[in-house]
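Down below is the structure, laid out as structure tokens.
The values are calculated or read from the model by the stated rules, or taken from the named source; none is laboratory data. In this text the structure is predicted, and so the values were computed from the model without any measurement. Glycine also receives a Cβ, built like all others from the backbone with ideal geometry; neighbour counts cover every protein chain displayed. Each accessible area value is taken on the protein alone, full model and side chains, heavy atoms only, with ligands, DNA and RNA left out. Shrake-Rupley method; radii C 1.70, N 1.55, O 1.52, S 1.80 Å.
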Amino acid sequence: MTKPFDFGQAIDRRGSYCTQWDFVADRFGAPDLLPFTISDMDFAVAPAIRDTLQQRLDHGVFGYSRWQHSDFLSAICHWMQTRFSATPDESALVYAPSVIYMVAQMVRRWTAPGDEVLIHTPAYDAFYALLTASQRQILAQPLQRDARGWRCDMQALEQKLARPGCKVMLLCSPHNPTGKVWTRDELTQMATLCERYQVRVISDEIHMDMVMADVVHLPWSEVARSDWALFTSASKSFNVPALTGAWGIIPDPAERQAFLRQMKAADGLSSPAVLAVAAHIAAYRHGAPWLDALRDYLRANMQWLAQRLNGAFPQLGWQPPQATYLAWIDLNPLGVDEAALQQQLIQRQKVAIMPGSTYGDASRGFLRLNAGCPRSKLEDGADRLIAALHALGV
């Protein structure tokens, strides 16, 4: 009997114009590597999404479309209520091609060149690129790690938020690459501080559905005080980033209208990809069972990876992240050089794993390994990583 959701099935993605597989040489300088890189998964989409897309394909007409309708807006509200006990106002919702586009637009609106934008580091590499390209100053707030996991020094955070040049806090929640899930207390403290120093907040919550531990994601909307915007998408959790499409909440009517006007008039983005709208509706109305099964599979992947790595190198003591399918692995206890390890991984083991320095110089010696794949691929990748470390004398 066929399993309803077979995440163990390996699907050959080569030749499908796939960034992770077909274009791995762009980042790693060599083709035909086994990739554990950017954050998409090697799984087929939920049957509910595929069925919906097939029905839309069978219709055969793909003219201009809209997202401002009850089917889409109510599906978002249904998801937020059933998954996070949050009740967004439909009138406050916005849509755009991607979360990073939405973040970039609000950064441009709420800051000027030379202004400071605070980010928690290590940080998603697109944040560095976006802020640097737009001539904003990066104000780094390093996360610290203790026995309880990753945490933010709130006193140090307050000192940075109090700086006259700090205009925006760009929050990643859950955090990429550490996989940290912010607690209610942490979010409340940050909201209080941002209100105190009149710092606006942009919250990137694209990984909100991918919580793996016994913790709960709390949307920024539930603690917000000062001016804010929350942006997210079904793309990560339901593995549909190539369809494009993201949505968000901008509660201030004037800011919301300015956002939509910029997108439609200045940037010329007036019609959403209709398959993306259909996929979001299907995911949020019918995708919960698939997502829950996927998270169970990913949680087991992370637990297996921890056993494999710690069995080979007990000094690591690596623990799976609270959220995301991205394993943030600190190899510094092994004393290996990042460049030498990458050379071994790429040239000898023919595997691509993101080096920690991608997410900030302070993260040199870490790896970010995408475990969103069938177990057979993860086992192969772990074996190659361990072989590379052994080759370096570990």
- Task: Taking 7 Å along the Cα-to-C-beta vector as the label spot, tell me the A133-D292 distance in nanometres, rounded to one decimal.
- Result: 4.0
- Query: Taking the Cβ of G356 as the center, what net charge do the other residues with Cβ under 15 Å away carry, scoring Lys and Arg +1 and Asp and Glu -1?
  - Reply: -1
- Message: Between segment 1-65 and segment 177-221, what is the separation of their alpha carbon centroids in Å?
- Response: 29
- Note on the structure: So Q9 and A213, fully extended at 0.36 nm per residue minus their Cα-Cα distance, gain in nm 71.0 nm
- Item | Amide H contacts under 5 Å for T324, placed H, 5+ residues apart | M210, V211, M212
- Task: With a 1.4 Å probe and every protein chain kept in, tell me what percent of the accessible surface of segment 1-139 is carbon plus sulfur.
- Result: 52
- Task: Could you tally the net charge around D292, taking each other residue with its Cβ under 12 Å from the Cβ of D292, Lys/Arg +1 and Asp/Glu -1?
- Result: +1
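At a 1.4 Å probe radius, carbon and sulfur cover how many percent of the accessible area of segment 190-267? Before the final figure, lay out each step's value.
Details: 1330 of 2840 Å².
Carbon and sulfur together cover 47 percent of it.
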- Note on the structure: For segment 230-330, the Cα-Cα pair-distance distribution in 5 Å bins from 0, as whole percents, is 2, 10, 15, 15, 14, 12, 10, 9, 6, 4, 2, 0
- Task: Alpha carbons only, please: Rg and Dmax for segment 189-231, in angstrom.
- Result: 11.6, 34
- Quick one: which residues, 5 or more positions from Y124 or on another chain, have an amide H under 5 Å from its amide H? H modelled 1.01 Å from N in the peptide plane, none for Pro or chain starts. N176
- Assign one of three labels to segment 245-394, namely rounded, prolate or oblate, based on the Cα gyration tensor with a ≥ b ≥ c the square roots of its eigenvalues; rounded applies when a/c is under 1.5, prolate when it is not and a/b is larger than b/c, and oblate otherwise. prolate
- From the phi of every residue in segment 158-163, what ³J(HN,Hα) in whole Hz does the Karplus formula 6.51 cos²θ - 1.76 cosθ + 1.60 yield, where θ is phi - 60° and glycine or proline is x? 4, 4, 6, 5, 6, 5
- Task: For C166, enumerate residues with amide H under 5 Å from its amide H, sequence gap 5+ or separate chain, H modeled in the peptide plane.
- Result: E116
- Roughly how many whole Å is it from the C-alpha centroid of segment 293-317 to that of segment 362-394? 11
- Computed over the chain, protein heavy atoms only, probe 1.4 angstrom, the accessible area per residue in square angstrom equals 43
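Could you work out the Kirkwood radius for segment 121-186, taking every pair of different alpha carbons, averaging 1/r and inverting it, reported in Å?
Values: mean 1/r = 0.0771 Å⁻¹.
After inverting the pairwise mean of 1/r, the radius is 13.0 Å.
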- Message: Explain nothing, just compute: Karplus ³J(HN,Hα) = 6.51 cos²θ - 1.76 cosθ + 1.60, θ = phi - 60°, for every residue of segment 259-271 in order, whole Hz, x for Gly and Pro.
- Response: 4, 5, 5, 4, 5, 7, 7, 6, 9, x, 10, 9, 10
- Residue-by-residue Karplus 3J(HN,Hα) for segment 79-91, coefficients 6.51, -1.76, 1.60, Hz, glycine and proline x: 5, 5, 6, 6, 9, 10, 6, 10, 10, x, 7, 4, 5
